[in-house]
1. Where a Cα-Cα gap under 20 Å defines reach, which aspartates and glutamates qualify for Lys140, not counting those fewer than 8 residues away within the same chain?
2. Which cross-chain or sequence-distant (5 or more) residues have an amide H under 5 Å from the amide H of Tyr64, H modelled 1.01 Å from N in plane?
3. Could you tell me which label, among [x] 9, 28, 29, 19, 10, 4, 0; [y] 10, 41, 39, 9, 0; [z] 10, 33, 27, 16, 8, 4, 1, 0, carries the value of P(r) over Cα pairs in 10 Å bins from 0, in percent calculated for this structure?
4. Relative contact order for region 3-147: what is it in percent, counting Cα pairs under 8 Å that are at least 6 residues apart?
5. Counting other C-beta atoms within 10 Å, and keeping those with at most 13, which DSSP coil trypsin sites (Lys or Arg not before Pro) do you find in region 1-85?
6. Go ahead and run the numbers for FRET between Arg113 and Lys150, Cβ-Cβ distance against an R0 of 25 Å, rounding to 0.05.
7. Multiplying the sequence separation of Lys29 and Lys76 by 0.36 nm and subtracting their Cα-Cα distance, what value in nm do you get?
8. Run lengths n ≥ 4 of DSSP H only: what is the helix-derived mean residue ellipticity at 222 nm for the chain, with -39500 (n - 2.57) per run over all residues, to the nearest 500?
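Derivation of every value follows stated rules applied to the coordinates shown; laboratory data play no part. All figures in this text were calculated on a predicted structure; none of them were measured in a lab. Note that we place each Cβ from the backbone using ideal geometry, even for glycine, and neighbour counts take in every protein chain shown.
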Amino acid sequence: MASYRPNVAAIFRKPKNGRILIGQRNDFKGCWQFPQGGVDKGEDLIGALQREVEEEVGVPPNLYDIVACRTGYRYKFPKGHLKKGLWCGQEQTYFLCDYWGKKSDIKLDLHVREFATVQWIDPKEFELIWVPKFKRAVFKRVFKDFFGVKPKTRRKQKPVT
């Protein structure tokens, strides 16, 4: 029987201005998300977060502080797709992290490149059109829970910095 894959996501925030980091997926142009990924067998959530952040954006744990955590965000993959033949979707835990590094500390090529580019935006600027339809309900909840805002629904090509 298929179940939900445990997953972690990092919302990096610049404490001085509240802007957050989003990345455009390398494999799906026009789709933006936070650094995120699955929790490996035997791995705890913080260990998975640290590993995924280093793999996807090259940022070591000493350059950010976890300031909030929320769990229970769940979505199913479309059309009955099973990831690795096991997972019908993902159950995500989101971590809000204050980022203390510089722009040069973000390195997208340390591992297999997952993001074509990254942008810093105000949470109020985020648009649901940047996310695949099957993930939009989760993004609505995340933005409400962490920032008290509702993502915009108008159509735009990409975030503006």
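1. Filter leaves Glu91, Asp122, Glu125, Glu127.
2. Here Trp100 satisfy the definition.
3. Checking each listed value against the structure points to [y].
4. 34 percent
5. Filter output for region 1-85: Lys16, Lys29, Lys41, Lys84.
6. On the way: r = 32 Å, r/R0 = 1.27.
Once rounded, the FRET efficiency stands at 0.20.
7. In short, 14.8 nm is gained.
8. For the chain, the value works out to -5000 deg cm²/dmol.
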